[in-house]
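For reference, the structure is listed below as structure tokens.
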Amino acid sequence: MSPEHRLVTALWTIHVHVYDEFEFTPELIPISPFSGYGKTKLLQILKLILSEPHLTKNTTAPAMYRRLERKPRTCYLLDEDENLGVFTDKVMRALLDAAAEGGSIDRADGEFFVHFPCAIAFRGQAHDLPLSVLSRSRSNHGEGGPQQALQQEKSRS
């Protein structure tokens, strides 16, 4: 991770402890084109130092609502975005949009206010992310050249 990305991660981590004092809470999105760049390890480390973290590889928007009702200061650490479909599921995207901006979501049982920090590990390129996500997030790009990444993927196959 570059010095700039370490700084962004450190500032985001500090922000998580006081996010409810702000109207906007950016998402932290560690990005790398392949596995093995440390996205999961970063989330595991964040889990150790954040208050009320919830690291998961599989969730849904309704499950997040229910958890937030019980623990409104949850910091979501979403791993393996490619398995979660965070950026392709419209309900999940609406939830994350509202969470970053401190908004509300309408559900069958009423209006639900959401405002929570979230880090999402993403395998791909920044240009693969929707513009709405890029506008409300801070991303960390994995290091290592494409040749190294291709070698890693080939060795895992």
* Show the residues, 5+ positions off or on another chain, whose built amide H is closer than 5 Å to the amide H of VAL114. => GLY103, SER104, ILE105
* **Reachable lysines from LYS71, criterion Cα separation under 16 angstrom, eight or more residues apart if same chain** => LYS47
* Structure fact -> Between LEU77 and residues 5 or more places away or on another chain, the pairs with built amide H atoms under 5 Å apart involve HIS54, LEU55, THR56, ALA119
* Asked: If the cut-off is 20 Å between C-alpha atoms, which aspartates and glutamates fall inside it for LYS41, apart from same-chain ones fewer than 8 positions away?
  -> GLU4, GLU27, GLU52, ASP79, GLU80, ASP81, GLU82, GLU143, GLU153
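Where does each of 76-86, 116-126 land if you order them by average Cβ count within 10 Å, highest first?
Per-residue mean Cβ counts within 10 Å order the peptides as 116-126, 76-86.
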* Asked: In nm, what is the difference between 0.36 nm times the number of residues separating ASN58 and LYS41 and their Cα-Cα distance?
  -> 4.4 nm
* Asked: Fully extended, how many nm does the chain gain between HIS127 and ASP20 (0.36 nm per residue separation, minus their Cα-Cα distance)?
  -> 35.5 nm
* To do: Return the sequence-ordered ³J(HN,Hα) values of the stretch 50-66 in whole Hz as given by the Karplus equation 6.51 cos²θ - 1.76 cosθ + 1.60 applied to θ = phi - 60°, using x for Gly and Pro.
  => 8, 8, 6, x, 9, 8, 9, 9, 7, 8, 10, 4, x, 5, 5, 4, 4
* Structure fact -> Per-residue Cβ contact counts at 10 Å, fewest first, order THR88, THR13 as THR88, THR13
* To do: Could you order peptides 33-43, 19-29 by the average number of other Cβ atoms within 10 Å of their residues, highest first?
  => 33-43, 19-29
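Every number in this text was worked out from the coordinates using simple rules, so none of it is lab data. Fair warning: this is a prediction, and the values are worked out from it, not measured in the lab. Using ideal geometry, Cβ is built from the backbone for each residue, glycine included, and neighbour counts are taken over all protein chains shown.
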